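Q: Got a structure for you, written out below as structure tokens; questions coming shortly.
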Amino acid sequence: MVSWYTLPDMNLVSPEATVRNHLIGRRVSKEFGSPMQSGFNATSYGQPAQMPQIYRGFGMNEAFFYRGTNRHQVPPVGYWDSPDGSRVLLVRGFDEVTRANWSYFAIKPIVRGSSGDQLKSLGGQYIAKDIPVHMADTELCEMPFKSLCDSAEIPDDKGFLLEKYEIFRKQAYKQSIGKHVVGLDIDDNASPWPGQVEFIAKLNNVLEDTEIVHSSMDEFIEAITEEVKGVDLHLTEGEVRHPLVEYGWNGLYSMITSARVKKRY
């Protein structure tokens with residue numbers, strides 16, 4: 001489980017609230033096994049400068065996020081330092097819906113026949129029994145808030161599987177770290193898909209240059225840590241707040257706020 005009680009937008013809460021959030025989150029998660037050992041905060045629009053210091057205080061040596069930054073200023077992997085000198089390994093996700101890129105660019109194109117367009121071609125035809133909630137918008141009305149249903153069928157045709165998998169390959173492989181590529185299936189309001197294991201097995205049967213491993217964030221981060229040992233990496237220092245207007249919801253300036261507040265007396 002993620003080491004948070006509730007996943008915050010980092011620049012909207014106080015430092016003490018951030019620390020207590022972790023304290024409670026780690027305590028609760030132990031009831032279900034153990035908390036995630038990497039600092040996962042994928043969707044906050046920017047990160048305060050002290051987060052490496054806070055993560056290290058909880059014994060975390062890595063951080064993972066994507067919003068609030070962009071590929072032009074922060075590479076897929078590097079170091080991130082707080083003002084006090086605390087350092088973590090920073091793994092930066094994609095600009096395109098990192099937390100759900102496996103859902104948007106692999107599952108939906110293959111199982112639902114979408115084009116991989118992250119905004120408009122997500123669910124094919126809207127069917128109430130399969131997708132009970134959708135956008136109230138004339139262009140995005142087919143966008144599902146529930147990713148899949150138990151009745152979704154996985155095709156067997158090798159040619160079709162390879163053709164549609166190219167959508168994921170085009171989106172994700174360009175940001176590989178060594179031999180590793182991440183595909184996340186954490187779509188908003190979606191429950192775990194029972195067909196995931198079968199889906200991965202069918203792809204592994206037809207892919208010749210790739211092995212898909214059903215894994216965890218900690219296992220992925222551990223693999224990346226080993227991959228970059230001894231490599232001279234890019235350094236990001238302090239607050240992470242890189243505005244950039246791009247397709248989607250990642251870098252809009254209005255969504256990237258600063259943690260600095262100037263008081264007037």
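Readers should treat all values here as calculations from the given coordinates under stated rules, not as data from a laboratory. What you see is a predicted model; the values in this text were computed from it and never measured. Here the Cβ is made from the backbone with ideal geometry for all residues, glycine too, and neighbour counts use every protein chain on show.
Q: In which sequence would Met51, Met60, Met36 go, from the one with the fewest C-beta neighbours within 10 Å to the one with the most? Don't jump to the answer; show the numbers that get you there.
A: Details: Met51 26, Met60 22, Met36 19.
Ordered by Cβ neighbours within 10 Å, fewest first: Met36, Met60, Met51.
Q: From the Cα gyration tensor of region 34-101, with a ≥ b ≥ c the square roots of its eigenvalues, which class applies: rounded if a/c is under 1.5, or else prolate if a/b is larger than b/c, or else oblate?
A: Oblate shape, in that a/c is at least 1.5 and b/c is the bigger or equal ratio.
Q: Quote the FRET efficiency, to the nearest 0.05, computed for Asp84 versus Gln196 with a Förster distance R0 of 45 Å and r equal to the Cβ-Cβ distance.
A: Values: r = 41 Å, r/R0 = 0.92.
Rounded to the nearest 0.05, the efficiency is 0.65.
Q: Ala223 versus Glu208, label points 7 Å from Cα toward the beta carbon: distance in nm?
A: 2.2 nm
Q: Here is a further query. Could you list Thr98, Thr225, Thr43 so that the one with the fewest beta carbons within 10 Å of its beta carbon is first and the one with the most is last?
A: On the way: Thr98 24, Thr225 15, Thr43 20.
Listed from fewest to most nearby Cβ atoms, that is Thr225, Thr43, Thr98.
Q: Using the alpha-carbon centroid of each, what span in Å lies between region 1-20 and region 87-104?
A: 19 Å
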